[in-house]
Amino acid sequence: MYRIRFHGRGGQGIKTASRILGTALFLAGFEVQDAPRYGAERRGAPIFAYVRADRRPINERGVITRPDLVAVADESLVSLPMAGVRQGLDHHAILLLHSATPPDTWQQRLNLAGPVITLALPAGDPGRPSHTPAARLVGAAARLLGSIDRQALEEAVMRELAALDQDDLAANLAATLAAYDETAAHHGAVREGAPISALDYRPPAWLVLPFEEARRAAPAIHAAATSVAVNTGLWRTARPVIDLHHCHRCWWLCSTFCPESAIAVGDDRSPAIDYDHCKGCMVCVAQCPAHAIHVRPETAADQGERS
Amino acid sequence: MTRTLLTGNGAAAWGARLARIDYVPAFPITPQTEIIETLAGWIDTGAMTGRLVTMDSEHSMVTAAGAAATTGVRVFSATSSQGLLYGMEMLYAIAGWRAPLVLINVSRGLASPITLEPDHNDVLAARDCGFLQIHCATCQEVLDSVLIAYRLAEDRRVRLPVLVNLDGFYLSFTREPVVVPDQEAVDRFLPPHDPENIAFRAETPMSQGVAVLGGSAYSYFRYQMHLAAAKALTVYDEIAHEFADRFGRCHEAVECHHADDAEYLLVMMGSFATKAKEAVDRLRDQGLAIGLVRPRLIRPFPADHLREALAGKKGVAVIDQNLSPGQGGILHTELAAALSQGRPRPMPVLASFIGGLGGRNIGAEEFYEMARVIVEAAATGRPPAPRLLFSDEELREVRKLQAVARAAGRTGEERP
Amino acid sequence: MSGIKNMRDLPASHLLAGGTPMCAGCGGLEALHQVYDLLGEKTVFVNAAGCMTLLAVYPFTPFRGSWLYTAMASAPAGAQGVRDALDILRSKGRIEPADDLQVVVLTGDGSAYGMGLAATSGAMDRRLDFLYLCYDNEGYGNTGQQYSSATPHGARTATSQGSRGYPGYKKDLFAIWAAHRPAYVATVSAAHPVDLATKIETARGLQGPRLIIALSPCPTGWDFDPAETVAIGKLAVECGVWPLKEYRDGRVRHSRIPKARRPVAEYLARQGRFHHLFKPRRQEGLLTEIQARVDAYWAGVAKNEGQEG
């Protein structure tokens, strides 16, 4: 059985990628099971999706804890524990990443036992690409599996993206096929994994749950503002930056309009953005009357700060 | 203390008054209305302090009850059947909040078809929601159970809301002698409400009823409710013991009448169990070694007590005033499961009888006949098929009704 | 009278903590954070199911005060229970006045316009002393933006995907609430923070049921870039689609009457949920109908209130 896990952010096409791969495998004659997994988060927040494929009907279900392939559309998720990218990454599993950073750097950085394959970021305008990051990722994933031919992949894309307008569909298809072609050297690199041995398994560490009084065991939160510990700044792929030279110290429009309460105004009337919680909506950029707030993509240095 | 004639509803109202309840969110439904009317009358005339608010539905009523309890006051409410089910989602919610309160259910059969008369399907529908459940057989027990229920709900080892069930009509509107204890005596038994750390106060912010994502955390919280409910068995026994010491009336988790030396048992919940008790006495007069076992606590299910009571018996007839379509009697099912657990013992032959649905009477002759059936079954070792208590004459009556209703097919042509 | 004259008078730092899972650019969160700054921590927010169900996910809460999550239909009933219990505790001396809290119901339009109406109506009948903040994103947002009775005519939603969009018309919740003659009803927009703040301050100074509807532009459900949230909120008012008004003492007064209303099409064109009114071809009939209804509304306002505002 092939067990594949996709990781990305809401809005990057991860669910669609899992469906394209699932459909391609189905067309190639496999039994398939695919599903997305959302948390409470929305657009921009980490999500994952998984695909299982086998020659026999599939009885396994749920999260994939021992993947054969982990495909990541957004490299900033790798260092985010709650995104779960690293779960099950043993010597057998292959990590496929959209990244400009070379594979051996990733291996060192993450102390990985298994292979890392990187997919170069698409050339051209980094503004709004007409295809999702996941479009290239799924093309590469299909090649790595080795059992999906180009035609099945194309057919799968056509089926899953049928609702898009012609131009968007064409752009996505081109991106997917291009990535499929680019990764020819890694054709078939992913090997099917075996199920967990029924003989030689790690026993679950069951315990008998001890009784605890309601003052402890009731699901109430007895504290204020504990959500500050949640770093929703990690949803961002770009950040607003205030140019204090051009800031008019006006009527704190940015601070009032920020939905996240992420802009506070200091005693000197300078606004400051809390990057731990800014989700990058850019309302402040749009509303600043002095046009003193600019958009800048998140950098590796920013990521270092954040993780 | 005074001994007076009270209806079950009146006894429930007295229980609430003596418990010095703070708040009654209310919504009227037959056969409960006398409870809230009595309380309203006392509050309006200053005979008791407390606030009664009529809400817009039972769903709102249960919400308000839980919200007030989670704010930190002693809350009482009452409902029945359709109303209990209308508020059902909130029963689960407020049990999950660990908000202690007492809710009376005056049992009434559920639609469809709609009825006003009692059976236990309504209250048993709530058996999985996290509320503890006490079933009363007499009006005295109703008053006493309200007091016991507050002690139980508010005990730091429990902190779960409690449903106290009394049967519609047969208790709710029936007067019986009831001893109404003195307020001072009750105050010594039931201390003032202590909300512990579940309360809304400006000084101590609290977010209650929050979402939980992740099956592990959810499992923890739900299972802790179960552990607390299980612990409530021990706590109930302690409280009932103290109540007996103070007030001279013993309300054990399982009532046993002539059960110790019995060879056969009737097992039954609710007010009709007193009819079973009477039948047991008459059968004993005729020399049959039979007894009655009546669970008062349904949640937590007193499995150990029941296994003890049934140990060594030859035959047991379980009489359910409820029905789970496709499975049968709920008490029978739960009892059979309890008997299959615990220390291995020889199993008595278990018979299942369904009676009293929608308030249908169960006659003395029917109890005697059920006893005969279980004696015979024990002798052969073969449990009989589950039986609905229903006679030829009743079917003829139904046929006449069907004829008027022009139900399909000609009367008399169907097979029994 | 409100002390808030302009943006300078608004709070410079904010009470509602970050770290919630609301979408980037959430118009409802924007309204809530502005309202929370004004109401403060001595509050208990009583919530119904909707997008903001997930504001507090164990163990994380953004509130510095308190919060109670009830069920979709019954947040006002939860507010009743909390308010009554606090009153009882005060009257019996079991809590100090300083420990008391304002009770604020927080729901989306799904609850307010639909299944929560009975509980809200009951709370108004009982003259419950509470505030109600409805974040109106014109659909059942948390479940994927299916249409609700707050959805405007012609909008595409997950359950109105035809070429003419939603066939129904947005329910007039303001009028339904006002018909109960509560202490106060107002419509607000977080894109107009001074107007919003003035109304919250007014509401704070009153007793009894005080209900607020905040139009909450929704990037996810209305299909626009999150950066546009405030711009779209402003357009909604300038095009006359979202009237800013108050009900008090039997009278309705508009706090703002747009002098030169911009064509509704400008507002509609910025949102993907109305894309089908423009592409593949302009649906003149629908656009005219929508404009005509807006025009008729303001003609009525002109008659009743004259042109002041």
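The values are calculated or read from the model by the stated rules, or taken from the named source; none is laboratory data. In this text, all values refer to a predicted model and were calculated from it rather than measured experimentally. In this analysis, Cβ positions are derived from the backbone assuming ideal geometry, glycine residues included, and neighbour counts consider all displayed protein chains.
General remarks:
- A single member of B:LEU213, B:LEU227 is touching a strand residue (DSSP E or B) at 6+ places or on another chain (Cβ under 7 Å) and within 12 Å of another protein chain (Cβ to nearest Cβ), and it is B:LEU213.
- Residue list for segment A:87-99, filter: under 16 Å from A:ILE47 (Cβ atoms) and part of a loop (DSSP other than H, G, I, E, B): A:GLN87
- Checked across segment A:192-204, the condition of being of a type in the set (Asp, Glu), part of a loop (DSSP other than H, G, I, E, B) and over 27 Å from A:ARG66 (Cβ atoms) holds for no residue.
- Any hit, segment C:131-148, residues being in a helix (DSSP H, G or I) and at pLDDT 95 or above: no
- Restricting the search to strands (runs of 3 or more DSSP E) fully inside segment B:1-98 and requiring at least 2 residues that are surrounded by 24 or more Cβ atoms within 10 Å (Cβ to Cβ) gives B:23-26, B:76-79.
- Counted residues, segment A:272-288 - those being more than 7 Å from every other protein chain (Cβ to nearest Cβ) and over 25 Å from the mean Cα position of the chain (by Cα): 3
- For B:ALA232, the stated conditions do not hold, so it cannot be described as within 14 Å of chain C (Cβ to nearest Cβ) and buried (at least 19 other Cβ atoms within 10 Å of the Cβ).
- Test: residue in segment B:127-146 that is acidic (Asp, Glu), in contact with a Leu (Cβ under 7 Å, 6 or more places away or on another chain) and under 22 Å from B:MET268 (Cβ atoms): no
- When segment B:66-118 is filtered for residues that are among the aliphatic types (A, V, I, L, M), more than 24 Å from B:LEU323 (Cβ to Cβ) and within 13 Å of another protein chain (Cβ to nearest Cβ), the ones remaining, listed by number, are B:ALA67, B:ALA68, B:ALA69, B:VAL73, B:VAL75, B:MET90, B:ALA93, B:ILE94, B:ALA95, B:ALA99, B:LEU101.
- Cβ-Cβ under 7 Å pairs, at least 6 apart or on other chains, segment C:280-307 side modelled with pLDDT of 95 or more, far side assigned to a helix (DSSP H, G or I): C:GLN283/C:LEU277; C:LEU286/C:LEU277; C:LEU287/C:ALA265; C:LEU287/C:LEU277; C:ILE290/C:VAL264; C:GLN291/C:VAL264; C:VAL294/C:VAL264
- For segment C:268-286, residues that are among the hydrophobic types (A, V, I, L, M, F, W, C) and either closer than 16 Å to C:THR151 by Cα or loosely packed, with under 10 Cβ neighbours inside 10 Å (or both) total 4.
- For segment B:99-153, filtering for residues that are part of a loop (DSSP other than H, G, I, E, B), closer than 30 Å to B:SER219 by Cβ and in contact with an Asp or Glu (Cβ under 7 Å, 6 or more places away or on another chain) leaves 1.
- When C:ILE88 is tested against the conditions (1) part of a strand (DSSP E or B); (2) among the hydrophobic types (A, V, I, L, M, F, W, C); (3) facing another protein chain (nearest Cβ under 10 Å), the lone failure is (1).
- Residue check, A:ASP267 within 26 Å of A:LEU80 (Cα to Cα) and either assigned to a loop (DSSP other than H, G, I, E, B) or touching a helix residue (DSSP H, G or I) at 6+ places or on another chain (Cβ under 6 Å) (or both): no
- Filtered residues of segment C:91-102 (kept if touching a Gly at 6+ places or on another chain (Cβ under 9 Å) and facing another protein chain (nearest Cβ under 9 Å)): C:ARG94, C:ILE95, C:LEU101
- The residues of segment A:193-237 that are surrounded by 14 or more Cβ atoms within 10 Å (Cβ to Cβ), more than 9 Å from chain C (Cβ to nearest Cβ) and under 31 Å from the mean Cα position of the chain (by Cα), listed by number, are A:GLY193, A:LEU234, A:THR237.
- Pairs with Cβ under 9 Å, 6+ apart, first in segment A:84-95 and touching a residue at least 12 places away in the same chain (Cβ under 8 Å), second of a type in the set (S, T, N, Q) and part of a loop (DSSP other than H, G, I, E, B): A:VAL85/A:SER79; A:GLN87/A:THR65; A:GLY88/A:THR65
- Test result for C:LEU68, within 14 Å of chain A (Cβ to nearest Cβ), out of contact with any Leu (no Cβ under 7 Å at 6 or more places or on another chain) and under 22 Å from B:ASP22 (Cα atoms): yes
- Test: C:THR151 is of a type in the set (Val, Ile, Thr) and either surrounded by 22 or more Cβ atoms within 10 Å (Cβ to Cβ) or modelled with pLDDT under 95 (or both): yes
- Count - residues of segment A:238-261 that are facing chain C (nearest Cβ under 10 Å), within 31 Å of the chain's Cα centre (by Cα) and more than 22 Å from C:LEU215 (Cα to Cα): 1
- Every residue from segment C:10-57 that is more than 9 Å from chain A (Cβ to nearest Cβ), outside any helix (DSSP H, G or I) and either farther than 19 Å from C:TYR113 by Cβ or of a type in the set (Lys, Arg) (or both): C:GLY40, C:LYS42, C:THR43, C:VAL44, C:PHE45
- Check on A:ALA264, more than 9 Å from chain C (Cβ to nearest Cβ) and not aromatic (Phe, Trp, Tyr): no
- Matching residues, segment B:197-235, being assigned to a loop (DSSP other than H, G, I, E, B) and in contact (Cβ under 8 Å) with a residue 12 or more places away in the chain: B:ILE198, B:ALA199, B:PHE200, B:GLY209
- B:SER207 vs. criteria among the hydroxyl-bearing types (Ser, Thr, Tyr), facing another protein chain (nearest Cβ under 9 Å) and under 30 Å from C:VAL104 (Cβ atoms): yes
- Candidates are the residues of segment C:71-80 that are within 7 Å of chain B (Cβ to nearest Cβ) and part of a loop (DSSP other than H, G, I, E, B); the one that is surrounded by the most Cβ atoms within 10 Å (Cβ to Cβ) is C:SER74.
- Any hit, segment B:171-182, residues being buried (at least 19 other Cβ atoms within 10 Å of the Cβ), touching a residue at least 24 places away in the same chain (Cβ under 8 Å) and of a type in the set (Phe, Trp, Tyr): no
- Residues located in segment A:210-234, provided they are farther than 30 Å from B:LEU152 by Cβ and of a type outside the set (Val, Ile, Thr): A:ALA224, A:ALA225, A:SER227, A:ALA229, A:ASN231, A:GLY233, A:LEU234
- With respect to being more than 7 Å from chain B (Cβ to nearest Cβ), among the charged types (D, E, K, R) and buried (at least 24 other Cβ atoms within 10 Å of the Cβ), C:ARG83 fits the description.
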